[in-house]
Number of protein chains: 4
Amino acid sequence: MTSTSGSSTHSPVETAAVVAHGRIDVGDAVEQVQAVAERSGVELVDEPERAQLAVAVGGDGTILRTLARLLGTGVPVIGINFGFLASIAPERLDDDLTRVFAGEYRTIEQPTLEAQLDGKTFVAVNDVVATSSTLGRMIELGWTIAGEDLGVVSCDGMICSTPSGSTAYNLSNGGPVLVRGLDAMAITFIAPHSLDARPLVVPRGAELTVRNATPDVGAAVLADGHRSGDLAPEGALSIRLGEQRSLLATLPETTFFGRYRETFTS
Amino acid sequence: MTSTSGSSTHSPVETAAVVAHGRIDVGDAVEQVQAVAERSGVELVDEPERAQLAVAVGGDGTILRTLARLLGTGVPVIGINFGFLASIAPERLDDDLTRVFAGEYRTIEQPTLEAQLDGKTFVAVNDVVATSSTLGRMIELGWTIAGEDLGVVSCDGMICSTPSGSTAYNLSNGGPVLVRGLDAMAITFIAPHSLDARPLVVPRGAELTVRNATPDVGAAVLADGHRSGDLAPEGALSIRLGEQRSLLATLPETTFFGRYRETFTS
Amino acid sequence: MTSTSGSSTHSPVETAAVVAHGRIDVGDAVEQVQAVAERSGVELVDEPERAQLAVAVGGDGTILRTLARLLGTGVPVIGINFGFLASIAPERLDDDLTRVFAGEYRTIEQPTLEAQLDGKTFVAVNDVVATSSTLGRMIELGWTIAGEDLGVVSCDGMICSTPSGSTAYNLSNGGPVLVRGLDAMAITFIAPHSLDARPLVVPRGAELTVRNATPDVGAAVLADGHRSGDLAPEGALSIRLGEQRSLLATLPETTFFGRYRETFTS
Amino acid sequence: MTSTSGSSTHSPVETAAVVAHGRIDVGDAVEQVQAVAERSGVELVDEPERAQLAVAVGGDGTILRTLARLLGTGVPVIGINFGFLASIAPERLDDDLTRVFAGEYRTIEQPTLEAQLDGKTFVAVNDVVATSSTLGRMIELGWTIAGEDLGVVSCDGMICSTPSGSTAYNLSNGGPVLVRGLDAMAITFIAPHSLDARPLVVPRGAELTVRNATPDVGAAVLADGHRSGDLAPEGALSIRLGEQRSLLATLPETTFFGRYRETFTS
């Protein structure tokens, strides 16, 4: 598939940065990364923007934030944890990271989303979600794609996801899996009251706009799970595939379908 | 079906009460109800508990709250509005309400839910929902039915609904329609990350317990859309079909399938 | 739940019958059953109708046919195999069947379906399915429940299932799980073209009729997977919960949820 | 979106061909087409391959077969009927076809599928389906995408569809809508017994192979609803996006979302 770089051999890594935060304690893993770096002759730098490779230690949230932060820098991110995006399991950290530092990894370019809300632009690596901000209250969302009006749907919210986000919240809400290499985004409603609202997949170039048509209930807008703003009544949000692509580094043997099978099938 | 009273002719109504509140202006409809009552020789009383019939004017929320308030009193509730539970459309108010006040209606007994949370008991006519109270954060819900442990599901929440609630939020989340007359409750997860969590229908007598197994995210508990309490980490909520039944009054010609067809099919 | 006999201790079994057929070779298992019977002092008789207990060796199909054959006789059926309905796994045959023959089992009564087609009546333990008999051609099915017309649905077919059948073909088509003890049937369309056709659960007493409204495509009617007749254009099929209940014997520790969890969750 | 030709004005049509067959009587419509052609100075030729435009009169099946027949010829197809693919409704035939013959139409290029089975190659405009050829028997399908093994799924069958086919049988089975302009195919299982089989969308270049892993049940392979061959036990079928694109002609004002909204939402 076209977005995976053909080669899986790089020059040995000379500089790397560790990014670790989040709700769970990852101190041990960070120490292991430092030890492997020392043994491998890799210099650890503070700013990931100036490294050749960023090592994100934590959950999928940490990896997503690191991917988003490094958009446009050309620095790939490798994840260490149990999440779907992770490439290295903690118990194999020593062996696998040694291989990666020796240049044995490949880089996967994946589409991102670019959203506009209240004059601000923001990006998302996995998904942008507009969701009722009042517990127990539905919202009415008007939507258009490529300028065509598609009506109004009563729902809890709407998810617009990239291929990498398609196996996350999109899938939980009945959306399809977009296989790596597809240059498209999926649009899936959350708990639609209209029985005929079905997931759609739209190609690059088609912009989605979402309007909050509820007179008295606000909506929150989340990018990769973090609140980016509010969609007040009559407010509008637009989303399209962005110019930039995220760079996920993986072990050469890690494949999309392998991860999918491990995660979702018994 | 057994829960519908066979007869659809009652004695003429002598006392009625109007219940009207909510977010929408219903002043005109209330005045019409008063005029019809006067013409029909029906005395309007203030406390619905002491009337023969309660007339709920507003959305489904108003009808639900009136049904819940009158549980155990034997006073049936007739709804005037556009919601699924309503029996009389506003534009037919004069004719239809005159018929109802003349005794031309029937009463439908429907199961309710009884829930326990933190030592408090509350009832619901439509549904009890446990849902993450933090935007963008999933929760882990452990569940048991009739004492048997069914594991833990990562999700946004869980819905337990009566037959009357089955066409509301339950349906939006992929749950089945429970036809009038069924003495059962449906259990449906909201956005489950586990692909094998499917809606279940359980008979009277089987109690559901739900435990918040998330260390750091609280859940809110809603009964008929109103917040009834919180499910803190490790907190537990139990739900079963209750002893009391709600009493919905409808025009004799209104049927479950007729309402279903009008609302959901084109 | 009410349909499970409270006690799980019976008198020791004196007479049993082995029912074994189907597509797979079960000769070894049958020999083991015979050996256990001999050791346990159980007389094996040829006609299961005259035994105290029938031992069905084979897939779920074998167990279903044995349950159907023995309806009304009071003879429970215990299944030996890997299917969902089975109680005894082949590798535990010796130990578990010895316990059963000693009286250590319980009997579960479950609703059946009674169907009428072209003047013939037949029963099903799991499900009755009406399905297009021409590959690649949809059919139009008109349906009514309890005498009310519900319109016409373009689809591949329709499934009406008992609680025991709800975890089989019904579940594969998006229908709900009906928990043991529920006296109801589920109605689920197969590949409906109408986006608003949703699974329904109906109580005992509500009859379903299905009419083939396709001018030029016939439908086949299957009971528990076996062809029972044809639904020619304009032909009608009626289905309701039957008077008879099937009798499934299980080990005392086997529960519905236990089987469900083992089969469907990872 | 890239696959729609920008311009919607063509030179007036000089030669056209009428293709009409199928199960329904279309004699009147054909006569109308001939009358409009005469008035518009359009010569009707017998072989659509030699015309500038083919007018397909009939159901979606007729339009699909005409699209498939004309692959590679550069001759676009305009449909007259009630199907989803049709551009002209019969009651507007005179006016709309006169406009089309005057050059007022646009041509939409859409991806096709290329399949290989038993050494034969065939194409499909909408979908290729592999489905159990024995009523009431599931099949086991092994599948790989881009050479990666994805395991075996127990099901009634599998659908591989183009964007134009995504609103047909794919949608009835829970698959996503692929919006016009997407260069991808959707893979959706029919009645999967595995609860974790979800629809996938794969980009051009990723080949799907399907293997019948059932020892004793054959599968039929249908292209656009017509039987193209059989998938015997252990037989394999491969499907990928084809080199050729179908050419659907529509009125300039007909849009994908317009058709979708008319057909699927109320």
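D:V217 meets each of the listed conditions (1) touching a Phe, Trp or Tyr at 6+ places or on another chain (Cβ under 8 Å); (2) not in a strand (DSSP E or B) apart from (1). Checking the stretch C:188-207 against the condition returns a match, with at least one residue being surrounded by fewer than 23 Cβ atoms within 10 Å (Cβ to Cβ), within 20 Å of C:T131 (Cα to Cα), acidic (D, E) and at pLDDT 95 or above. None of C:S172, C:S228, C:S246 is surrounded by 24 or more Cβ atoms within 10 Å (Cβ to Cβ), more than 14 Å from chain A (Cβ to nearest Cβ) and small (G, A, S) except C:S246. When we screen D:E262, D:E253 for residues that are surrounded by fewer than 18 Cβ atoms within 10 Å (Cβ to Cβ), within 14 Å of chain B (Cβ to nearest Cβ) and of a type outside the set (A, V, I, L, M, F, W, C), the only hit is D:E262. Note on the stretch B:38-58: among residues that are surrounded by fewer than 21 Cβ atoms within 10 Å (Cβ to Cβ) and small (G, A, S), the one that is nearest to B:I88 (Cα to Cα) is B:S40.
Restricting A:D118, A:D156 to those that are of a type in the set (D, E) and within 16 Å of A:A213 (Cβ to Cβ) reduces the list to A:D156.
Does B:L222 meet the test of being facing another protein chain (nearest Cβ under 9 Å) and either hydroxyl-bearing (S, T, Y) or not in a strand (DSSP E or B) (or both)? No; evaluated as a whole, the condition is false for this residue. Restricting attention to the stretch A:183-213, and to residues there that are touching a residue at least 60 places away in the same chain (Cβ under 8 Å) and in a loop (DSSP other than H, G, I, E, B), which single residue is farthest from the other protein chains (Cβ to nearest Cβ)? Here the residue is A:A213. Identify, please: which residue in the stretch A:231-243 is over 26 Å from A:R106 (Cα atoms) and open to solvent by 30 Å² or more (accessible area, probe 1.4 Å) and is, among those, nearest to the chain's Cα centre (by Cα)? Looking at the filtered set, the residue picked out is A:R240.
Cβ separations smaller than 9 Å between residues 6+ apart or across chains give the following pairs from the stretch B:99-123 residues that are of a type in the set (S, T, Y) and open to solvent by 60 Å² or more (accessible area, probe 1.4 Å) to residues that are part of a strand (DSSP E or B) and at pLDDT 95 or above: B:T121/B:E114; B:T121/B:A115. Would you be able to say whether some residue in the stretch D:212-220 is touching a Lys or Arg at 6+ places or on another chain (Cβ under 9 Å), of a type in the set (G, A, S) and open to solvent by less than 10 Å² (accessible area, probe 1.4 Å)? Yes - at least one qualifying residue is present in the stretch D:212-220. Among residues of the stretch B:125-165 being more than 26 Å from A:G61 (Cα to Cα) and either at the interface with chain C (Cβ under 8 Å from one of its Cβ atoms) or more than 19 Å from the chain's Cα centre (by Cα) (or both), the one that is surrounded by the most Cβ atoms within 10 Å (Cβ to Cβ) is B:W143. Across the stretch D:59-72, the qualifying residues are those that are crowded, with 20+ Cβ neighbours inside 10 Å and either among the hydrophobic types (A, V, I, L, M, F, W, C) or over 23 Å from the mean Cα position of the chain (by Cα) (or both), and the one among them that is farthest from D:A168 (Cα to Cα) is D:L70.
Would it be correct to say that D:L117 is out of contact with any Lys or Arg (no Cβ under 8 Å at 6 or more places or on another chain) and modelled with pLDDT under 90? Can you show your working first?
Details: out of contact with any Lys or Arg (no Cβ under 8 Å at 6 or more places or on another chain): yes; modelled with pLDDT under 90: no.
The answer is no for D:L117.
Of the residues making up the stretch B:132-147, one or more are closer than 22 Å to A:T134 by Cα and free of Cβ contacts under 8 Å to residues at least 24 places away in the same chain. Selection of the stretch C:10-37 for residues being open to solvent by 50 Å² or more (accessible area, probe 1.4 Å), among the polar types (S, T, N, Q) and outside any loop (DSSP other than H, G, I, E, B) yields C:Q32, C:Q34. Would you pick out the residues in the stretch D:74-89 that are surrounded by 15 or more Cβ atoms within 10 Å (Cβ to Cβ) and more than 14 Å from the chain's Cα centre (by Cα)? Result: D:V75, D:I80, D:N81, D:S87, D:I88. One residue stands out among those in the stretch B:13-37 that are more than 15 Å from B:D95 (Cα to Cα) and charged (D, E, K, R): the one that is modelled with the lowest pLDDT, which is B:R23.
The values are calculated or read from the model by the stated rules, or taken from the named source; none is laboratory data. In this text the structure is predicted, and so the values were computed from the model without any measurement. Using ideal geometry, Cβ is built from the backbone for each residue, glycine included, and neighbour counts are taken over all protein chains shown. For the accessible areas, the whole protein counts, side chains as well, though only heavy atoms, and no ligand, DNA or RNA atoms are used. Shrake-Rupley method; radii C 1.70, N 1.55, O 1.52, S 1.80 Å.
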